[in-house]
1. I need the full set of residues from segment 33-76 which are of a type in the set (S, T, N, Q), within 30 Å of Cys13 (Cβ to Cβ) and at pLDDT 90 or above, in order please.
2. Cβ contacts < 7 Å: first residue closer than 15 Å to Met24 by Cβ, restricted to segment 51-70; second residue buried (at least 17 other Cβ atoms within 10 Å of the Cβ) and at pLDDT 90 or above, any location; separation 6+ or different chain. Result?
3. Quick check on Arg30: is it surrounded by fewer than 10 Cβ atoms within 10 Å (Cβ to Cβ) and modelled with pLDDT under 75?
4. Do you know which residues across segment 1-15 are open to solvent by 100 Å² or more (accessible area, probe 1.4 Å) and more than 25 Å from Lys51 (Cα to Cα)?
5. Please find, among Leu37, Leu67, Leu84, the residue that is of a type outside the set (Phe, Trp, Tyr), part of a loop (DSSP other than H, G, I, E, B) and surrounded by 11 or more Cβ atoms within 10 Å (Cβ to Cβ).
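The values are calculated or read from the model by the stated rules, or taken from the named source; none is laboratory data. The shown structure was predicted, so the numbers you read here are calculated from the model rather than taken from an experiment. Cβ: placed from backbone, ideal geometry, glycine included. Neighbour counts: every protein chain shown. All accessible areas refer to the heavy atoms of the entire protein, side chains included, with ligands and DNA or RNA removed. Shrake-Rupley method; radii C 1.70, N 1.55, O 1.52, S 1.80 Å.
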Amino acid sequence: MTTLHPDILKIDCDAEVKRCAARMKEIVARDLRKRGLIIAMSGGIISANGKYDYLEIAKNLGADETLKKPFSHEEIFNAIGRVLEKHKDRRTE
């Protein structure tokens, strides 16, 4: 019988996060982007370990714009305008 060494269970967490993020980015680009434009809104929370900024993650996954709460009416309207201008070729008459 083969004995497994404990090192076989070691995981490179940073590499796994990068692999998962790349896969999620692919899924967003392929499937979700077909459905519309994305403006991510959040309280700007950073993960408990301080390593991940959720708005930055949303941007990296393909959000067209990100807004940290609280935001004004002007900020949301400007974000919508920027997204629509950026994707004007996707609009249908």
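1. Residue satisfying the conditions is Thr66 alone.
2. If the second residue must be buried (at least 17 other Cβ atoms within 10 Å of the Cβ) and at pLDDT 90 or above, the pairs left are Ala58/Thr66; Lys59/Thr66.
3. Working: surrounded by fewer than 10 Cβ atoms within 10 Å (Cβ to Cβ): yes; modelled with pLDDT under 75: yes.
In short, yes.
4. Hits for segment 1-15 are Met1, Thr2, Thr3, Leu4, His5, Ile8.
5. Working: Leu67 fails: part of a loop (DSSP other than H, G, I, E, B); Leu84 fails: part of a loop (DSSP other than H, G, I, E, B).
Only one candidate qualifies: Leu37.
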